[in-house]
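The values are calculated or read from the model by the stated rules, or taken from the named source; none is laboratory data. Quick caveat: nothing in here was measured; it's all calculated off a predicted structure. When we count neighbours, we look across all protein chains shown, and the Cβ atoms used for this are built from the backbone with ideal geometry, even at glycine. To get the accessible areas, we keep the full protein, side chains included, count just its heavy atoms, and leave off ligands, DNA and RNA. Shrake-Rupley method; radii C 1.70, N 1.55, O 1.52, S 1.80 Å.
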Amino acid sequence: MRNSPLGLSIRNVSKQYANGVQALHQVSLDIPPGMFGLLGPNGAGKSTLMRTLATLQEPDEGQLFLGELDIVHQKEAVRETLGYLPQEFGVYPKASAEELLDYFAVLKGLTNRAVRRETTEALLQQTNLWDKRKQKLGGFSGGMKQRFGVAVALLGNPRLLIVDEPTAGLDPTERVRFLNLLSELGESSVVILSTHIVEDVSELCTHMAIINQGHILLEAQPVEAVAALTGRIWRKLTDKPSLPALEREHQVISAKLLSGRTLVHVYSPDHPGNGFEPVEPDLKDVYFSAMTGCFTPATQQAAKEVAV
Ligand code: ADP
């Protein structure tokens, strides 16, 4: 991977904060061009990894390469080819979208006025903000601000685009529009989407990893990971009081309310009996199986061997 001109290679990266929290434990990932989803709950270590990739902080140990570029030791060169949309994208509320994008373009080194105008116009079109370009950013909705953030992050045609929890707080329409925008970007560059929302990954990403408490639990292609669970996920509609007994007897991966009852999914390589019925697994089952320790790289390998 280190020799791939476009991919990202992360090797044994660890990070402990001054307060003693070990945010990353020996994280290794190979990220090819395209959309990559980093999925995990709050506090899993996603932002720590994203900030490290964005050259904003250094790991205690380990290496990160973007193609041939060493992210820790060649920060300036990486920054030239990096777009980063942080969780909280602050804007100057009194500036218009057009003015602020022009300003960031100057900072990015686009000093030629004609080139700059052409670039910013194309980005405002691409992010669907052209009609709103004269409006002040203070009046923008959450989704519009996020799309503006993407326009800023895309200045200079980055090879690596990092978006950290972009859909949190967006309403459903804004979310779909935002995800569509991202999906157009993943063709020639590496786009890393960090999120705790499984649907963001299932709808967009060709590759993914699941992270929890600083450990990578699973690295997979979503389609393959879902296929690996075929025949292993079972469901039962039950009542909340029955849940503890089910949890004692089975590997319950999720339990959610459904019209006042509780829908339980369990992981089991064989039919668990007990009134369970088989389910077509989806990426949520992959996520919950990994989070509960049922779906490990060994499960993945076993499924591959069966498929062959
Ligand atoms: P995520 O983005 O998945 O929510 P983070 O990378 O923000 O996870 O956090 C991982 C862990 O590191 C959490 O326990 C968090 O409280 C802790 N953490 C994050 N940033 C800092 C910091 N600057 N100082 C101390 N602890 C931090």
Considering every residue within the stretch 46-59, establish whether at least one is away from the ligand (no atom under 16 Å from the Cβ) and within 20 Å of Q146 (Cα to Cα). no
State yes or no: is A18 outside any helix (DSSP H, G or I), without any contact (Cβ under 8 Å) to a residue 24 or more places away in the chain and near the ligand (Cβ under 8 Å from one of its atoms)? yes
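In the stretch 124-135, how many residues are basic (K, R) and buried (at least 16 other Cβ atoms within 10 Å of the Cβ)?
2
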Could you list, in sequence order, the residues of the stretch 195-232 that are assigned to a strand (DSSP E or B) and either more than 12 Å from L39 (Cα to Cα) or more than 14 Å from the ligand (Cβ to nearest atom) (or both)? H207, M208, L218, E219, A220
Contact list, first residue from the stretch 50-63 and open to solvent by less than 80 Å² (accessible area, probe 1.4 Å) and assigned to a loop (DSSP other than H, G, I, E, B), second anywhere and modelled with pLDDT under 95 and among the aliphatic types (A, V, I, L, M), beta-carbon distance below 9 Å, six or more apart or interchain, is A54/V78; A54/L82; A54/L160; A54/I162; T55/V78; T55/L82
Only one of N3, N12, N19 is at pLDDT below 95 and farther than 25 Å from P166 by Cα. Can you tell me which? N3
Odd one out for L6 among (1) assigned to a loop (DSSP other than H, G, I, E, B); (2) surrounded by 15 or more Cβ atoms within 10 Å (Cβ to Cβ); (3) touching a residue at least 60 places away in the same chain (Cβ under 8 Å); (4) within 14 Å of the ligand (Cβ to nearest atom): (4)
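Here is a yes/no grid of residues against (1) among the β-branched types (V, I, T); (2) open to solvent by less than 20 Å² (accessible area, probe 1.4 Å):
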{"residue": "I211", "(1), (2)": "yes, yes"}
{"residue": "A225", "(1), (2)": "no, yes"}
{"residue": "T262", "(1), (2)": "yes, yes"}
{"residue": "H265", "(1), (2)": "no, no"}
{"residue": "N274", "(1), (2)": "no, no"}
{"residue": "P278", "(1), (2)": "no, no"}
{"residue": "L283", "(1), (2)": "no, yes"}
{"residue": "A298", "(1), (2)": "no, no"}
